[in-house]
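Working notes for the structure below.
Values quoted throughout were computed directly from the atomic coordinates according to the rules given, and no laboratory measurement underlies them. Given the structure is predicted, the values throughout are model-derived calculations rather than measurements. Quick reminder, even Gly has a Cβ in these numbers, built from the backbone with ideal geometry, and neighbours come from all protein chains shown.
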Amino acid sequence: MVIYWLLGENPIIWYLSSIAFESTHMNAFDPAKRRNFLKKASLGSLAALLGTEIVFALPKNYLPVALENDPQTLFGKHKDLILRNNLPWNVESPAHLLDDNVTPDEKMFIRNNGLVPETIDVAAWTLTINGEGVRREKSYTLAELKSKFPRHTYHLVLECGGNGRSEFYPPAEGNQWEVGAVSCAEWTGVRLKDILDDVGIKSNAVYVGYHGADLHLSRDASKEAISRGIPIAKALEEETLLAYQMNGKDIPLVHGHPLRLIASGFPASVSGKWITALSVRDRVHDGEKMAPPSYSIPCDPVQPGTEVPKENMCIIEKMPVKSLITYPKSGAMIKDKTLLSIRGHAWTGETKVSKAEYSIDFGATWTPCRLQQAKNRYAWQDFEAKVSFPQKGYYEVWVKATDNTGESQPMLTPGWNPKGYLNNACHRIAIKVV
Amino acid sequence: MRKRLNTTYYLVIFALGIFMLVIIGYYVYDSSVQEKEGFIEADAPIPLEEIENRIENGVHVQTGLVDGEGLNLVIANCTACHSAQLVTQNKADKEGWKNMIVWMQQTQNLWDLGDQEEKILNYLAKYYAPEQAASATFRRPPLKDIEWYDLTEQ
């Protein structure tokens, strides 16, 4: 698969590129000609638009945006998913599309840090376990992994650490996720702890870092796009998998085919895609995006807007309790004196969610929802309720989950942090009774 | 004798006149040059060929204007007379921006913007809207862009 050079989110460039693309149909059969045309058309038109020459050095083999490269065509995503970034791909789901108990591929968010691998050779794919903390480096083919170790299936929430970032003020840079960078799919694979047992880890092992086949955005092969990891205790949890299936089929390419590390309860960035190697480290893994400010928050709370020195930042090791109303879609108008059914999911990085409640009076009173037990730890739990409204008018339905530690969701945007992580504020929908 | 005196007198007056004209001319020229230099430094529109297109974090670097559809028209028409800061520090809805444009046309020699006016107004109303400043300071702003629909099936 060819990943095009995309010019970011600049609407002028998008607009020009769309013109360029529409004009290229005449050249559609000659890719080289078309490439040159695209280049000339976009850059030439941009220059004309601003009335001046622009010097835009396109690296070799890079192309300006081509519009057929949308997440629907490329990855089979639902048409209503929200594109946050196309280089790298970052796409989220609106809340009402996440209604399924098991998130289907087409409605699952994409958070990539680099370029999707251009070729995947399943037969030749190997997983290598190395690092200071292993007795001897060892490699497995995919077939060996599947035959040698027991197979396990879990429903596991993956949530981007920056989900909800768009609500922080002062704004935090990065993809401006709203609520939909979260999923709960059925993941099948082998336990990481079974593999580590087979390899044999030493007493100095403290962390496991992953290495994937994705390309760095610069296409510099010596750079890793992302190489994060988990503490050894997390690596040894039963639900920490090296997965080769999602929802009963091969993992979709954009979600990490053929092998993905799944460590739910942490920011989803530790659940590395396209895994080729795991390094058992004698220190906190120091791969790409392990250092602050990436996936770190101030060790002590700070006033919004504070510049925090790196040494005062701590790596996020748990996602907070959270919930999402997935039915109805916000904006529903219902007839007076009818009951409104609401439903959604609640999840936590702790053991389980113990309570989900709703409020139609901005938190003045809360009413319990019916809450399902989790399929397994780190699966989200469905909730539902029938809501009645005292009179006609505008309402917001808010939902709040509480986990087994007694911690619940804030109604306000929680503690500001420089990169805008861990916003678990209550979700709400607008309802009008007419 | 008397005639010669007159001739000399006229010559002196003529020379003095030339001298004064030169002096006045110099000052007029000098002050005009200085004014022009000062004007270029502080107030002149950015020559079109010097507009950089660099956009960083969604902002046109040279002007500080938000990147979006209509940016080029705002740069071309508005910064011809005043700095972009006069735009970026203000917030108004479409009607408010229209009022400012009408005022500039009536009193500040702003030209007829023709069919570009609508595009400029859309840009200004979108990126320099009054609610932006207010909502940013809310910890949870009011829900916005609600698409109302009838819900019957339950």
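Using only the alpha carbon atoms of the stretch A:333-434, find the Kirkwood hydrodynamic radius as the inverse mean reciprocal pair distance, in angstroms to one decimal.
14.6 Å
Once the Cβ-Cβ distance between B:GLU56 and A:ASN312 is put in as r, and R0 is 45 Å, what FRET efficiency do you end up with, to the nearest 0.05?
In this case the efficiency is close to 0.95.
Hey, what's the Kirkwood Rh for the stretch A:95-315 if you take every pair of different alpha carbons, in angstrom?
One over the average 1/r among Cα pairs gives 18.1 Å for the stretch A:95-315.
Taking a ≥ b ≥ c as the square roots of the eigenvalues of the Cα gyration tensor of the stretch A:234-347, is the shape rounded (a/c under 1.5), prolate (a/b larger than b/c) or oblate?
Because a/c hits 1.5 or more and a/b fails to exceed b/c, the stretch A:234-347 counts as oblate.
If you plug each phi of the stretch B:100-110 into the Karplus form 6.51 cos²θ - 1.76 cosθ + 1.60 with θ = phi - 60°, what whole-Hz ³J(HN,Hα) values come out, in order, with x for Gly and Pro?
Per residue, the Karplus-derived 3J(HN,Hα) values read 5, 5, 4, 4, 5, 6, 6, 10, 10, 6, 5 Hz.
Quick check on the stretch A:168-283: what are the equivalent-ellipsoid semi-axes from the Cα gyration tensor, as sqrt(5λ), descending, whole Å?
In descending order the semi-axes read 24, 18, 16 Å.
Enumerate the whole-percent occupancy of each 10 Å bin, from 0 to the last occupied one, for all C-alpha pair distances of the stretch B:55-131.
19, 58, 21, 1
Taking the alpha-carbon centroid of each part, what is the distance from the stretch A:330-382 to the stretch A:395-434 in angstrom?
11 Å
So who's got an amide H within less than 5 Å of the one on B:LEU65, skipping anything under 5 residues away but keeping other chains? H placed 1.01 Å off N, in plane.
Distant-sequence amide H within range of B:LEU65: B:HIS60.
If R0 is 45 Å, what FRET efficiency do you get for B:ILE13 and B:ALA92 from their C-beta distance, rounded to 0.05?
With a Förster radius of 45 Å, E is 0.10.
So if I take the centroid of the Cα atoms in the stretch B:9-28 and the same for the stretch A:112-127, what is the distance between those two points in Å?
Comparing the Cα centres of the stretch B:9-28 and the stretch A:112-127, I get a distance of 88 Å.
Step through the table entries A:LYS419/B:LYS144; A:LYS77/A:LYS138; A:LYS148/A:LYS355; A:LYS289/A:LYS322, compare each Cα-Cα distance with 29 Å, and write down the pairs that go over it.
Correct reply: A:LYS77/A:LYS138; A:LYS148/A:LYS355.
Check each of the chymotrypsin sites (Phe, Trp or Tyr not before Pro) in the stretch B:96-133 and keep only those in coil by DSSP with at most 10 other C-beta atoms within 10 angstrom; list them in order.
When the chymotrypsin sites (Phe, Trp or Tyr not before Pro) of the stretch B:96-133 are filtered for loop state and at most 10 Cβ neighbours within 10 Å, B:TRP111 remain.
Name the long-range amide H neighbours of A:VAL208: under 5 Å, sequence gap of 5 or more, or other chain; modelled H, no Pro or chain starts.
Hits under the 5 Å cutoff: A:ILE230, A:ILE232, A:ARG281.
May I ask for the distance between the Cα centers of the stretch A:229-268 and the stretch A:188-204, given as a whole number of Å?
Answer, in whole Å: 14.
Work out, step by step, the length gained on full extension between A:ASN204 and A:ARG151: first 0.36 nm times the residue separation, then minus their alpha carbon distance; give nm to one decimal.
16.3 nm
What length, rounded to one decimal in nm, is gained on full extension from A:ALA221 through to A:ASP100, with 0.36 nm per residue of separation minus their alpha-carbon distance?
39.7 nm
Taking each residue in B:144-153, count the Cβ atoms of any other chain within 10 Å of its Cβ, then average. What number comes out?
Taking the mean over all residues of the peptide, I get 6.
So, R0 is 45 Å and r is the distance between the beta-carbons of A:ALA123 and A:LEU339; what FRET efficiency does that work out to, to 0.05?
Efficiency computed from Cβ-Cβ geometry: 0.20.
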